[in-house]
1. Any idea which residue in the range 101-128 is modelled with the highest pLDDT, counting only those that are farther than 15 Å from VAL61 by Cα and among the β-branched types (Val, Ile, Thr)?
2. Before we move on, is LEU32 within 18 Å of the chain's Cα centre (by Cα) and either farther than 21 Å from CYS149 by Cα or modelled with pLDDT under 50 (or both)?
3. Among residues belonging to the range 175-201 that are touching a helix residue (DSSP H, G or I) at 6+ places or on another chain (Cβ under 6 Å) and assigned to a loop (DSSP other than H, G, I, E, B), point out the one that is surrounded by the fewest Cβ atoms within 10 Å (Cβ to Cβ).
4. May I ask you to list the residues in the range 227-255 that are open to solvent by 70 Å² or more (accessible area, probe 1.4 Å) and assigned to a loop (DSSP other than H, G, I, E, B)?
5. Do we find that PHE88 is at pLDDT 90 or above, open to solvent by less than 10 Å² (accessible area, probe 1.4 Å) and either closer than 23 Å to ASP201 by Cβ or outside any strand (DSSP E or B) (or both) in this structure?
6. Could you list, in sequence order, the residues of the range 108-151 that are out of contact with any strand residue (DSSP E or B) (no Cβ under 7 Å at 6 or more places or on another chain) and open to solvent by 30 Å² or more (accessible area, probe 1.4 Å)?
7. Can SER224 be described as among the polar types (S, T, N, Q) and surrounded by 12 or more Cβ atoms within 10 Å (Cβ to Cβ)?
8. For the range 88-132, name all the residues that are hydrophobic (A, V, I, L, M, F, W, C) and under 23 Å from LEU54 (Cα atoms).
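The values are calculated or read from the model by the stated rules, or taken from the named source; none is laboratory data. All figures in this text were calculated on a predicted structure; none of them were measured in a lab. In this analysis, Cβ positions are derived from the backbone assuming ideal geometry, glycine residues included, and neighbour counts consider all displayed protein chains. Only protein heavy atoms, including side chains, enter the accessible area calculation; ligands, DNA and RNA are left aside. Shrake-Rupley method; radii C 1.70, N 1.55, O 1.52, S 1.80 Å.
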Amino acid sequence: MDLGEGTKLRFVSSLKVRGWALLGATALCLALPGAITTLGNSAYAGITLEERKLPMHFNWVACQPDCKGWVSAVGIVTADSPKEFDEFARDRQLGGATIVLDSSGGSVNDSIALGRRFRSLGALTTVGTTVRTQTAQGERASVNPEAYCESMCVFLLLSGKTRYVPPAAHVRVHQIWMGDRADDAKAASYNAQDLMIVERDIGRLAKYTFEMGGAGDLLSLALSVPPWEDLHELSPPELRLTNLVTTDAVIDVLPHDNSSVPVAELNSKPVQDRFVSSAVEEQAPMQPAKSTKTAEATVPTGGAATTAAQPQK
């Protein structure tokens, strides 16, 4: 299979006992349709953990009559993600839509391509997971802010024209690395071509970062964390320093909208309550080459992409 040029980042699959317990809860929940609306917090965390390990999928979430809907983007970016987003976006009016991210990262070059698609739509970005609750009036959709945006997901977050990170969200960074050697990066051997691939992709990532309005501090923080160390979680001041956050108001990314945009929430609530509990330029065609990965976070995100190696972080 032609994986294209660049590298695919994979996260270190070193789940602790707590992680395996969550996966067990996930298996049970997946066997019971509709169970997600009644699960406790730990079981729900298991479901989101499992989804975050799978290839990224996109869903439109409606919330009428008092707000616009949003795009839920959950999972790891793979070589198929840009094409699948194109298919998802076809026949939908997504200009200026909000994209809600929950992801462990993924392929470097494919994340760059996907981020440029988001920017070409004038998308708004935030971090969270979609929660659907059955009420007497029907299904209600809201966003749980206790979610993760890690590695290359951080650069997808950067693609938003307006960017909001809720206080409960976790935004974490680390280096990109050779995809087939991220699990034991210290013990692996490397040659000059490997170094060339990594440096080339760092250059592409730097170009993309500045195109999206990010600061050099974002690259500096990410590239200072090797794959054998824990991911670095950005503090509120660092989110500002790196220019990942452009607003402190959730209403700027999930605004009220009384127009005829097709949506589906039945309860009228302040926009802040949507959060539960608290392209332009396409990448030039790439030639086949080795892919790069980044280390994966341990608990609570754990797991590795199930697809073949490709640029990931």
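1. ILE112
2. Against the criterion (within 18 Å of the chain's Cα centre (by Cα) and either farther than 21 Å from CYS149 by Cα or modelled with pLDDT under 50 (or both)), LEU32 does not qualify.
3. Step by step, filter the range 175-201, then rank; the result is ALA188.
4. Selection gives TRP228, GLU229, ASP230, ASP248.
5. Against the criterion (at pLDDT 90 or above, open to solvent by less than 10 Å² (accessible area, probe 1.4 Å) and either closer than 23 Å to ASP201 by Cβ or outside any strand (DSSP E or B) (or both)), PHE88 does not qualify.
6. Across the range 108-151, the qualifying residues are ARG117, ARG119, SER120, LEU121, GLN134, THR135, ALA136, GLN137, GLU146.
7. yes
8. If the condition is that a residue be hydrophobic (A, V, I, L, M, F, W, C) and under 23 Å from LEU54 (Cα atoms), then PHE88, ALA89, ILE99, VAL100, LEU101, VAL108, ILE112, ALA113, LEU114, PHE118, VAL127, VAL131 are the ones that fit.
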